[in-house]
Amino acid sequence: QVQLVESGGGLVQPGGSLRLSCVVSGFTFSTYAMNWYRQGPGKERELVAGISNTGGRTNYADSVKGRFTISRDNGKNTLYLQMNSLNPDDTAVYYCKAESVFNKLRTYWGQGTQVTVSS
């Protein structure tokens, strides 16, 4: 049974930090590239950050570059997103997504975790 479970969201003040986690099971984590997406109220879902299956390559949306860091621990089957210098525009539901390096059509999504940035 494939599962991706995000955690770490919550309410934070502008300028604050959060670390999101995505724990996966039911597939071979080390053969999947991973991504964080987010969707704010009234907005389209957007790609926030991506990381290769080995962790050797990362990519970021311009809006979060320099503030967010994506990482993974293949030994723990866990994906992370460290978010610093948060602002209200970062308010969204954050989702993790897995993509097989062997078949890009084989993808899995988590249920999402809410991040709210407000004073």
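Points to keep in mind about this one:
- The residues of the stretch 13-27 that are part of a strand (DSSP E or B) and either at positive phi or touching a Cys at 6+ places or on another chain (Cβ under 6 Å) (or both) amount to a single one, Cys22.
Per-residue answers, yes or no, for (1) of a type outside the set (Ser, Thr, Tyr); (2) under 17 Å from Asn53 (Cα atoms):
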residue: Asn74; (1), (2): yes, yes
residue: Leu79; (1), (2): yes, yes
residue: Gln82; (1), (2): yes, no
residue: Ala98; (1), (2): yes, yes
residue: Val101; (1), (2): yes, yes
residue: Tyr108; (1), (2): no, yes
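- Within the stretch 73-89, the set of residues being assigned to a loop (DSSP other than H, G, I, E, B) and touching a residue at least 60 places away in the same chain (Cβ under 8 Å) comprises Asn84, Ser85, Leu86, Asn87.
- Near pairs, Cβ below 6 angstrom, 6+ apart or cross-chain, from the stretch 8-21 (touching a residue at least 40 places away in the same chain (Cβ under 8 Å)) to any residue that is of a type in the set (Phe, Trp, Tyr) and open to solvent by 30 Å² or more (accessible area, probe 1.4 Å): Ser21/Tyr80
- Enumeration of residues in the stretch 90-109 that are touching a strand residue (DSSP E or B) at 6+ places or on another chain (Cβ under 7 Å), in contact (Cβ under 8 Å) with a residue 24 or more places away in the chain, open to solvent by 40 Å² or more (accessible area, probe 1.4 Å) and part of a loop (DSSP other than H, G, I, E, B): Val101
- Considering residues of the stretch 18-41 that are open to solvent by 60 Å² or more (accessible area, probe 1.4 Å) and touching a Leu at 6+ places or on another chain (Cβ under 9 Å) only, the residue nearest to Tyr60 (Cα to Cα): Arg19
- Test result for Ser30, in a helix (DSSP H, G or I) and more than 17 Å from Glu6 (Cβ to Cβ): yes
- Screening Ile51, Ile70 for residues that are free of Cβ contacts under 8 Å to residues at least 40 places away in the same chain, open to solvent by less than 50 Å² (accessible area, probe 1.4 Å) and closer than 27 Å to Gln13 by Cβ leaves exactly one candidate, Ile70.
The values are calculated or read from the model by the stated rules, or taken from the named source; none is laboratory data. These numbers were taken from a predicted model, which means no experiment stands behind them. Note that each Cβ is placed from the backbone with ideal geometry, even for glycine, and that neighbours are counted across all protein chains shown. Side chains are part of the model used for accessible areas, which takes the heavy atoms of the whole protein and leaves out ligands, DNA and RNA. Shrake-Rupley method; radii C 1.70, N 1.55, O 1.52, S 1.80 Å.
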